[in-house]
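Reading through the structure tokens given below for one structure.
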Amino acid sequence: MKRLIAMLLCACLLLAGCGIPDPPRPAPSRPDAPAAVSVPEQTASSHPEAPSAPAEQPGIEAAPPPEESLSPVRTAELLAAALREGDVPALEALANPAFGVEGKLDYWKAVSIGSVSYEEPEQDGGDWLCRFTLEVSDPGETPLKTGENACVARIGCAPYGMWDRYSVLSFAPAGKEIPGTELSRSAAARQVRWMRDFAFFETFDDPAEIDRGALLDFLLGTAARDYPEQEATPIGIGSGLGYTQAQLDAVAENYFGLTGFTMTDSPLYDAESGCYGLNGHGGGYRNERIVRIDEGADRCDVWIEQYGEPFQLLPTGALRYTLAPNGDGSFRYLSVKAFPAVPES
């Protein structure tokens, strides 16, 4: 019996000496952002701080959420912090990856920002728009001005499933960001987008100058959009849908003011049916944005800026699409001209 008591006593002493660890505690969650955030002369986050770490680990905060869990609000917060600190790697991590990011945002190294504030992001179709105010002391080579700058960040996912998390699709002066809801209301802007999405990139002073093969492709694509499938003629070439000369004439005259446009020597022409066959077509994803629409009674100019970096802040060129209203909600293309930049309005 004495031996049994001695063994039990030894076991108790061993347990007391080794100790049993406390169960792990869950990491504290980080609250979401408020409706408006101001960050003068400090990091851009105005979110409440995470609870303090244990005394033996001073300064340690909860780990940020993984990239795939970023929300528009969190993306805006991280963008503000990166702008304020001039943290180019952080900006690259937030940028749209579709056009490549490495080294393309280095121009931010020359920009000095004293303070950053931003509002809560607002939904714009499938994206979110977040308004920023930057107090800039040195704009570097950007179009920003010394002093206060109003800018808009477009936050969303790159199209075509190229990226599955929120990123900064553009960061532009407020006057050059047109909400998607406004663009969708402009019939002229919709027609310009249709032409670009079809990969019709011709520039011309007069529609009669356009390459006829490229124009035929575009006219047939537009016919397929305008005429219901049951009005097409089944043929044995292209997509299997054919459009008559009369249908082609109507599209050419309505959208380009051209009469008597024929191309019976084209491989797309089927002599047996007297129809033109539609080829498949796709425009891809381009680093450009409609930045201005000048609408008048008899003319509308739609301006596109083109870029070589993912924030769409530094333009490499511009295009002006000039259209005239047909009176039925559609427009006729008058010209497409290239410019070094969009002129001041």
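In whole percent, what relative contact order does region 199-243 give with Cα contacts below 8 Å and a gap of six or more residues?
Values: 20 pairs, mean separation 10.3, N = 45.
Result for region 199-243 is 23 percent.
Please list the three semi-axes, largest first and in whole Å, of the ellipsoid equivalent to region 107-223, using sqrt of 5 times the eigenvalues of its alpha carbon gyration tensor. Don't jump to the answer; show the numbers that get you there.
On the way: eigenvalues 252, 69, 36 Å².
Listed largest to smallest, the semi-axes of region 107-223 are 36, 19, 13 Å.
Note on Gln123 and Arg190: their simple-model spin labels are 2.2 nm apart, each label 7 Å out from Cα toward Cβ. Summing charges over all other residues whose Cβ lies under 13 Å from the Cβ of Pro139, with Lys and Arg as +1 and Asp and Glu as -1, gives -2.
With the cut-off at under 13 Å, measuring from each backbone N in region 94-125 to a point 7 Å along the Cα-to-Cβ line of Thr146 picks out 112.
With a Förster radius of 30 Å applied to the C-beta separation of Asp206 and Asp265, the computed FRET efficiency comes to 0.85. Computed from the Cβ-Cβ distance with R0 of 56 Å, the FRET efficiency linking Ser335 to Glu85 stands at 0.80. Where in region 184-202 is the amide nitrogen less than 20 Å from a point lying 7 Å along the Cα-to-Cβ axis of Ala250? Once the point is set 7 Å along Cα→Cβ of Ala250, 191 turn out to lie under 20 Å by backbone N, inside region 184-202.
A simple count of charges around Pro159, restricted to other residues whose Cβ falls under 14 Å of its Cβ and scoring Lys, Arg +1 and Asp, Glu -1, yields +2.
A simple rule links phi to the HN-Hα coupling: the Karplus curve 6.51 cos²θ - 1.76 cosθ + 1.60 with θ = phi - 60°, which for region 326-334 gives 8, x, 10, x, 9, 10, 9, 6, 9 Hz, with x for Gly and Pro.
Taken along the Cα-to-beta-carbon direction at a fixed 7 Å, the label points for Glu182 and Leu314 span 2.7 nm.
Laboratory data are not the source of any read-out in this text; all were calculated from the coordinates shown. Worth saying up front: this structure is predicted, and the values here are computed from it rather than measured. Every residue, glycine among them, receives a Cβ derived from its backbone with ideal geometry; neighbour counts consider all protein chains shown.
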